[in-house]
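Beneath this line is the structure, given in structure tokens, with notes to follow.
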Amino acid sequence: MRILGIDPGSRFCGYGVIDDTAAGARYVECGVLTAPPTGPMEARLGEIARGLREVIDELAPEIVAVEDVFTHHNPRTALALAQARGMVLAVIGLCGLRVASYPPAVVKKAIAGSGAAGKEQIARMVQALIGLRSLPRADATDALAIALTHTRTRAAATASAKLVPSLRRAL
């Protein structure tokens, strides 16, 4: 299964694509979609939306994993992130893809084992898990972490689904 992870933003939108195979997660591509720092929000979001559509068309993911909006101290920043996430969801919807959402603490726990892990720890774990020689930009690394979280969540759900019938037979 090909998974596109997205770390939404109104100026920088990270994306990371991995293939979830029987042998484990395999790195495909990652990057950061950017918009000019000036200009109206709708123009910046439009620029990122165009880039995201190109990524989806080119890399053909089967599902998209997106980071949930988190509570932020600055209301303006929280609003901008929510608008960027809404734009991402709209593009995904137009492409007919399914979405899985993960809060930042769940991503941190899935990747580093702790919901309080720091950005550097997450980045190093992503690097180790998919065998990257160097670290990509932070937004791209975060997107890869979100995609990896989906593979791990999916694997855990599959293992649980197999375990339940076994337990029923044992009882």
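Couple of notes before you dig in:
- Of the residues making up the stretch 108-149, those that are over 20 Å from Val17 (Cβ atoms) and part of a loop (DSSP other than H, G, I, E, B) are Gly113, Ser114, Gly115, Ala116, Ala117, Gly118.
- Considering the conditions (1) crowded, with 16+ Cβ neighbours inside 10 Å; (2) touching a residue at least 24 places away in the same chain (Cβ under 8 Å), Val126 is excluded by exactly one of them, (2).
- Residue that is touching a residue at least 60 places away in the same chain (Cβ under 8 Å) and either farther than 15 Å from Leu144 by Cα or among the aliphatic types (A, V, I, L, M) (or both), where the choices are Ile6, Ile56: Ile6
- Residue satisfying condition, being over 22 Å from Ala138 (Cα atoms), modelled with pLDDT under 95 and among the hydrophobic types (A, V, I, L, M, F, W, C), within set Ala82, Ala22: Ala22
- Within the stretch 83-102, being more than 15 Å from the chain's Cα centre (by Cα), surrounded by fewer than 16 Cβ atoms within 10 Å (Cβ to Cβ) and assigned to a helix (DSSP H, G or I) holds for Ala90, Gly93, Leu94.
- Restricting the stretch 108-123 to residues that are farther than 19 Å from Pro61 by Cβ and of a type in the set (A, V, I, L, M, F, W, C), the residue that is surrounded by the fewest Cβ atoms within 10 Å (Cβ to Cβ) is Ala116.
- Residue in the stretch 132-149 that is in contact with a Phe, Trp or Tyr (Cβ under 7 Å, 6 or more places away or on another chain), of a type outside the set (A, V, I, L, M, F, W, C) and either on the phi > 0 side of the Ramachandran plot or at pLDDT 90 or above (or both) present: yes
- Residue list for the stretch 127-149, filter: within 12 Å of the chain's Cα centre (by Cα) and hydrophobic (A, V, I, L, M, F, W, C): Ala140, Ala143, Leu144, Ala145, Ile146, Ala147, Leu148
- Residues in the stretch 49-68 that are among the hydrophobic types (A, V, I, L, M, F, W, C) and outside any helix (DSSP H, G or I) were compared, and the one that is farthest from Val107 (Cα to Cα) is Ala60.
- Test set (1) in contact (Cβ under 8 Å) with a residue 40 or more places away in the chain; (2) acidic (Asp, Glu); (3) in contact with a Ser or Thr (Cβ under 7 Å, 6 or more places away or on another chain) - Asp68 fails condition number: (1)
- Test set (1) among the aliphatic types (A, V, I, L, M); (2) without any contact (Cβ under 8 Å) to a residue 40 or more places away in the chain; (3) surrounded by 14 or more Cβ atoms within 10 Å (Cβ to Cβ); (4) not in a helix (DSSP H, G or I) - Ala105 fails condition number: (4)
- Hits in the stretch 26-50 (condition: surrounded by fewer than 17 Cβ atoms within 10 Å (Cβ to Cβ) and touching a Cys at 6+ places or on another chain (Cβ under 9 Å)): Thr34
The values are calculated or read from the model by the stated rules, or taken from the named source; none is laboratory data. Everything quoted here is computed from the prediction, not taken from an experiment. Here the Cβ is made from the backbone with ideal geometry for all residues, glycine too, and neighbour counts use every protein chain on show.
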